[in-house]
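Report on one structure; see the data block that follows.
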Amino acid sequence: FLAKLVQTVMQKLKFRHNLYELREERKMRPETFANMVSAMLYERRFGPFFVEPVIAGLDATKNNEPYICAMDLIGAQQLAADFCVGGTASENLYGTCESFFKPDMEPEELFETVAQCLLSSVDRDCLSGWGGIVHVITKDKVITRELKGRMD
C-alpha cells in the first residue's frame, strides 16, 4: 500500500513540475517546488498521503544558495538553514545531526557525516532499516550513494 502511495505522489509531482515548466518556460526554483508540494499535501489533509518530504536544492536566482525544507504529511513546512530530517527516525536523527553537523563542510566530509548520522539513528529505531540513499548536491553535480544498513 505505502509503496503504491509513494509512486502516486511521485507521479503527481512530476506532472505538476513538468506542467509548471511548460507554462512558465523556465526552471522551477526549489522554494516554488516546496510550495507546490505543500499545497498538494494540504489538498489531501482529510485523507493524507503518508509521506514526509524533504526538499533540498540550490537556488540559481540567489547565487546557488542552498534551500532546505521538510514537511509533515499535511504540508506544513519547516525551513532550515543548516539541516532538516524526516521519517520514522526523525527524533533520533535530530540529536545525532545536531552533534555531528558543522557549517561549510566539503562534499566528501558532508557525505560521511550524513551516512554516520543516518546509520546510527536507524539502528535505534525498530521501524527503520535497510539503509538509505544519500544525495550530496553541489553547484556542479549531484553525488548519489546508497548505504546498506541492518536487514532485520
Query raised in the report: Among the residues of segment 20-32, which ones are surrounded by 11 or more Cβ atoms within 10 Å (Cβ to Cβ) and part of a helix (DSSP H, G or I)?
Result: Tyr20, Glu21, Pro30, Glu31, Thr32
Report task. Could you tell me whether Ala60 is closer than 27 Å to Lys141 by Cα, touching a residue at least 40 places away in the same chain (Cβ under 8 Å) and not polar (S, T, N, Q)? Result -> no
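Would it be correct to say that Leu127 is under 27 Å from Arg45 (Cα atoms) and exposed (fewer than 15 other Cβ atoms within 10 Å of the Cβ)? Outline the logic, then answer.
Working: under 27 Å from Arg45 (Cα atoms): yes; exposed (fewer than 15 other Cβ atoms within 10 Å of the Cβ): yes.
Criteria met by Leu127.
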**Report entry** segment 74-109, residues that are part of a loop (DSSP other than H, G, I, E, B) and open to solvent by 70 Å² or more (accessible area, probe 1.4 Å)
**Finding:** Ala81, Asp82, Thr88, Lys102, Pro103, Asp104, Glu106
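If you go through segment 53-75 one residue at a time, do you hit one that is under 23 Å from Lys4 (Cα atoms) and polar (S, T, N, Q)?
Step one: filter segment 53-75 for residues under 23 Å from Lys4 (Cα atoms), giving 53-55, 70-75.
Those still in the list that are polar (S, T, N, Q) too: none.
There is no residue in segment 53-75 that is under 23 Å from Lys4 (Cα atoms) and polar (S, T, N, Q).
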Report task. Would you check if Thr88 is among the β-branched types (Val, Ile, Thr), touching a residue at least 12 places away in the same chain (Cβ under 8 Å) and over 29 Å from Tyr42 (Cα atoms)? Result -> no
Query - Every residue from segment 55-71 that is surrounded by fewer than 16 Cβ atoms within 10 Å (Cβ to Cβ) and either within 25 Å of Arg124 (Cβ to Cβ) or among the hydrophobic types (A, V, I, L, M, F, W, C) (or both) - result: Ala60
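The values are calculated or read from the model by the stated rules, or taken from the named source; none is laboratory data. Just so you know, these numbers come straight off a predicted model, no measurement behind them. Using ideal geometry, Cβ is built from the backbone for each residue, glycine included, and neighbour counts are taken over all protein chains shown. With ligands, DNA and RNA removed, areas are computed over all heavy atoms of the protein, side chains included. Shrake-Rupley method; radii C 1.70, N 1.55, O 1.52, S 1.80 Å.
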